[in-house]
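Here's the structure we're looking at; comments come further down.
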Amino acid sequence: MTQKLDLTDIQGNIIKAYGRYNFQKARYLFLRIDDGDKGRKFVGAITTKVTSAVPWGKQDAEGTSTVPQATTNIAFTFDGLQALEIPTASQKGFPEDFIMGMSKRKDILGDDGPSDPANWDKIWKEKVHVWISINGQSIDAVKKRYEWIQEQIEASKGGVVLLTGHRGDKGEDNLPYQDASVLYDATGMPTPKEHFGYTDGIGDPVFEGQTNLAARVLGRGKLMRDGTWQPLATGEFLLGHVDEAMEYPKTAPSPWLLAHNGTYMVYRKLHENVGTFNRFLDEQSGIFNGSKEMLAAKFAGRWRDNGAPIVHAPDDASKTEWDKRYAAADESGKRKMLTDFTYNEDIHGTKCPYSAHLRRINPRGSLEFGVKDAYDTPGALVNRRRILRRGLPYGEVKDATRDDGNHGIIFMALNADIQRQFEFVQQQWINYANDFKEGNDKEVLLGNHDANDPGKVVFSAEPGSGKPPHFVSNIPRLVETRGGDYFFIPSITALKMIAGGIVDPT
Amino acid sequence: MSNIAGKAYAMNVITPIRWYMAWINKLIFKIALSNPSTLKGLITLSLIHYARWVIIPRDNFPRLDPSQPKEELNYSYMLFFSNFNGSWDQYVDSFTFAIPSGLDLFWKWNVRYPKSVPLTPFHDYIRHNQIDTAHYYNAYPMAASNDVKSAQKIKKALINFNAISADKAPEEFFDDYNKLLNDLQHHFGDMKPTPIVSLSADAVRKRYLQIPE
């Protein structure tokens, strides 16, 4: 099955992780629509600048780059679509999770204690209708686009309101936007890291219709019985396309044009408790048989410095060897080393623990637990649970011993079915582990660890070696939710229909 | 009424099967039981606590009492009874993609069975023929079957360890203890309350237990 996507119709943020195209800065805006008519006109104006998924050539005929200085994308909550007055018959086609929104799903997501919506940024107490993102090659490009959007808000004459209430670097709690940025190293060079020091965003899923599949699919598509990798079905990530269940996603509203080439986005502001993480890592590495970096790698499944998968570099000595091979490899060889692996050679989790972030969010074929041909396909339990991850870090760490600075990740997950994909992974695989035969042991980094009853994880030793496994106990809550919601990212056709007030499911 | 109790979801599905075809299903069950490899997918799916298929002949449908009149039935029926972790909506994908051919084999001769892929007709077929659970008691609401299996294994190993190693010298005891930990390393998962898999089921539970919102 080959699939050609209409890239002029799909919003660019679905296909492109802008960070990979030198868009180092981002700004996220949230708006409320107070008047349907004016709101639709505003959406129409923004749509003229919405960035599509059309590939950027390196240079055009005149030799200038066709990569824009700034991109713009737009998405809506269910309340937002209601405010824009799409017909009730269309509203009815949206799924329960999206209709409810994220804060009402807190019990499903485990957003409790410090992650409870009561502790979120003030903006989430507002009626959030619209999300607009600006990604820029420079902060000036972001600001310029932001000013243009402000003009459009102005022009709506009270029909659209920019909401305030984001926390910022200087202790503000009433900012009108959320800024995000790549992190820079000591020499000022951009890095793919987040505030705990991990290299992020390596293994995003690859699906039918994307380009350059052969080079990208290794370790990122779906694992087949013969050990090869195939791209996932388009419908796992885009509505109106066939999914892994050989049908069109059930989460699509009608009419078809409203849903087609659109998808759902989970926006989450995740605060990182940097001080606690550093203390915990130091304290635990004191009782761990290996370096501090090796322990950090055991938490994530990748080494912090370069993202080396721990399944191929399970200890300090093998990491040194891996680094040498990596340094000698060409670009495609490097990419392969980062993504092309399974856990079949590590079915007991001796190298990459079952609790490691990477293994929990994408178990590859490992949920067959080494039972030969247990399922019809090795990815049977995995292929319907994948998410595209977008987003950037926000804030900066001014004091690495403290938690209360402004630092974390703006996490955005894109999928065709929030409940089946994002919520399932968050609930069953991050905050619980029956599928991994680890009971209630939560994933170390993202789990909603309970300060009153902290959990633990077990790092397996070689079975039959007589050596004890390693226990990591008293795990604190390292990441806290600070806000977020569920959004629908329409296609550009659908945006024009919404803006024109011509959505009609009849 | 809820199909959920603790970590278990109860599923009772009763589907009609032409009486003259029922023997084929009985044969399939027999072959599956005598040839465990046909069930390895089902067994490896550790989210399943329990699963059982039974054929009820059309002239032998259970009655509460001999005085209850016999029903005139056109079909025999296949009863599927299972307990599993999570909820049907959550895990239908896992069942369908892990063991589609197994499901198709067991239901193939049932009236109007649609096949397990595509998923929606299969999901609807099961839901349509499902008998919701009016009363559901779970003695160990925090336990999934993996937890029970692990607990049994740990108990047995500890009793054994105590018998063999309790009186050994410290160094030997220590070696034995480490070996014990190694043997049990995949059975130490914490056992705590279930994540909330359904907001409506959780609301029912809270009202029943009179837990304030």
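The values are calculated or read from the model by the stated rules, or taken from the named source; none is laboratory data. None of these values were measured; they are calculated from a predicted model. Positions of Cβ are backbone-derived with ideal geometry, glycine not excepted, and every protein chain shown enters the neighbour counts. Only protein heavy atoms, including side chains, enter the accessible area calculation; ligands, DNA and RNA are left aside. Shrake-Rupley method; radii C 1.70, N 1.55, O 1.52, S 1.80 Å.
Suppose we filter the range A:99-149 for residues that are farther than 22 Å from A:Val161 by Cα, of a type in the set (A, V, I, L, M, F, W, C) and open to solvent by less than 20 Å² (accessible area, probe 1.4 Å); how many remain?
Counting residues in the range A:99-149 that are farther than 22 Å from A:Val161 by Cα, of a type in the set (A, V, I, L, M, F, W, C) and open to solvent by less than 20 Å² (accessible area, probe 1.4 Å) gives 3.
Can we say A:Val182 is within 16 Å of the chain's Cα centre (by Cα) and at pLDDT 95 or above?
yes
Which one of the conditions (1) among the small types (Gly, Ala, Ser); (2) touching a strand residue (DSSP E or B) at 6+ places or on another chain (Cβ under 9 Å); (3) open to solvent by 70 Å² or more (accessible area, probe 1.4 Å) does B:Ser34 fail to meet, given that it meets all the rest?
The failed condition is (2).
Could you identify the single residue in B:Ala134, B:Ala166, B:Ala139, B:Ala144 that is loosely packed, with under 13 Cβ neighbours inside 10 Å, of a type in the set (A, V, I, L, M, F, W, C) and under 16 Å from the mean Cα position of the chain (by Cα)?
Checking each option against the conditions leaves just B:Ala139.
Just the residues that are more than 9 Å from chain B (Cβ to nearest Cβ), surrounded by fewer than 17 Cβ atoms within 10 Å (Cβ to Cβ) and at negative phi, please, taken from the range A:455-490.
Listed by number, the residues that qualify are A:Ser473, A:Pro476.
This table checks each residue for (1) at positive phi; (2) of a type in the set (Ser, Thr, Tyr); (3) more than 14 Å from chain B (Cβ to nearest Cβ); (4) in contact (Cβ under 8 Å) with a residue 24 or more places away in the chain.
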position: A:Tyr354; (1), (2), (3), (4): no, yes, no, yes
position: A:Arg364; (1), (2), (3), (4): yes, no, yes, yes
position: A:Leu367; (1), (2), (3), (4): no, no, no, yes
position: A:Lys372; (1), (2), (3), (4): no, no, no, no
position: A:Tyr375; (1), (2), (3), (4): no, yes, no, no
position: A:Val382; (1), (2), (3), (4): no, no, no, yes
position: A:Arg386; (1), (2), (3), (4): no, no, no, yes
position: A:Tyr394; (1), (2), (3), (4): no, yes, yes, yes
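Of all helices (runs of 4 or more DSSP H) completely enclosed by the range A:79-153, which ones contain at least 2 residues that are of a type in the set (Asp, Glu), under 28 Å from A:Thr481 (Cβ atoms) and modelled with pLDDT of 95 or more?
Answer list for the range A:79-153: A:96-100.
Just to verify a result, which residue in the range A:213-262, among those that are modelled with pLDDT of 95 or more and in a helix (DSSP H, G or I), is farthest from the other protein chains (Cβ to nearest Cβ)?
It comes out as A:Leu257.
Within the range A:441-454, track down each residue that is facing another protein chain (nearest Cβ under 10 Å) and either buried (at least 22 other Cβ atoms within 10 Å of the Cβ) or assigned to a strand (DSSP E or B) (or both).
Answer for the range A:441-454, where residues must be facing another protein chain (nearest Cβ under 10 Å) and either buried (at least 22 other Cβ atoms within 10 Å of the Cβ) or assigned to a strand (DSSP E or B) (or both): A:Asp441, A:Lys442, A:Asn448.
Identify the residue in the range A:491-500 that is touching a Gly at 6+ places or on another chain (Cβ under 8 Å) and open to solvent by 10 Å² or more (accessible area, probe 1.4 Å) and, among all such residues, is farthest from B:Tyr177 (Cα to Cα).
Filtering the range A:491-500 for residues that are touching a Gly at 6+ places or on another chain (Cβ under 8 Å) and open to solvent by 10 Å² or more (accessible area, probe 1.4 Å), the one farthest from B:Tyr177 (Cα to Cα) comes out as A:Gly500.
Conditions: (1) within 14 Å of chain A (Cβ to nearest Cβ); (2) farther than 18 Å from B:Leu42 by Cβ. B:Arg112 meets all but one. Number of the miss?
Status for B:Arg112: all satisfied but (1).
Only one residue in B:Asp89, B:Asp104, B:Asp65 is open to solvent by 20 Å² or more (accessible area, probe 1.4 Å), among the acidic types (Asp, Glu) and away from every other protein chain (no Cβ under 14 Å), so which one is that?
Within the list B:Asp89, B:Asp104, B:Asp65, the selection yields B:Asp65.
Pick out the one residue from A:Asp79, A:Asp34 that is surrounded by 15 or more Cβ atoms within 10 Å (Cβ to Cβ), in contact with a strand residue (DSSP E or B) (Cβ under 7 Å, 6 or more places away or on another chain) and over 28 Å from A:Leu5 (Cα atoms).
Of the residues listed, the single one that is surrounded by 15 or more Cβ atoms within 10 Å (Cβ to Cβ), in contact with a strand residue (DSSP E or B) (Cβ under 7 Å, 6 or more places away or on another chain) and over 28 Å from A:Leu5 (Cα atoms) is A:Asp34.
Could you list, in sequence order, the residues of the range B:173-192 that are open to solvent by 90 Å² or more (accessible area, probe 1.4 Å) and in contact (Cβ under 8 Å) with a residue 24 or more places away in the chain?
The one that is open to solvent by 90 Å² or more (accessible area, probe 1.4 Å) and in contact (Cβ under 8 Å) with a residue 24 or more places away in the chain: B:Met191.
Somewhere in the range B:71-82, is a residue within 14 Å of another protein chain (Cβ to nearest Cβ) and touching a residue at least 12 places away in the same chain (Cβ under 8 Å)?
Checked against the condition, which is being within 14 Å of another protein chain (Cβ to nearest Cβ) and touching a residue at least 12 places away in the same chain (Cβ under 8 Å), the range B:71-82 yields no hits at all.
With the checklist (1) at pLDDT below 95; (2) in contact with a helix residue (DSSP H, G or I) (Cβ under 7 Å, 6 or more places away or on another chain); (3) within 21 Å of A:Ala413 (Cα to Cα) in hand, flag the one item A:Thr199 doesn't pass.
Going through (1) at pLDDT below 95; (2) in contact with a helix residue (DSSP H, G or I) (Cβ under 7 Å, 6 or more places away or on another chain); (3) within 21 Å of A:Ala413 (Cα to Cα) one by one, A:Thr199 breaks only (2).
Give the residue, chosen from B:Asp202, B:Asp175, that is under 19 Å from A:Pro469 (Cα atoms) and facing another protein chain (nearest Cβ under 8 Å).
B:Asp175 is the lone residue from the list that is under 19 Å from A:Pro469 (Cα atoms) and facing another protein chain (nearest Cβ under 8 Å).
Out of B:Lys206, B:Lys155, I need the residue that is open to solvent by 50 Å² or more (accessible area, probe 1.4 Å), closer than 30 Å to A:Ile430 by Cβ and without any contact (Cβ under 8 Å) to a residue 60 or more places away in the chain. Which one?
Going through B:Lys206, B:Lys155 in turn, the sole match is B:Lys155.
Quick one: A:Gly19 ticks every box in (1) touching a Pro at 6+ places or on another chain (Cβ under 8 Å); (2) surrounded by fewer than 21 Cβ atoms within 10 Å (Cβ to Cβ) except a single one, so which number is it?
(2)
Across the range A:424-440, what is the number of residues that are facing chain B (nearest Cβ under 9 Å) and either touching a His at 6+ places or on another chain (Cβ under 7 Å) or not in a loop (DSSP other than H, G, I, E, B) (or both)?
Final tally of qualifying residues: 8.
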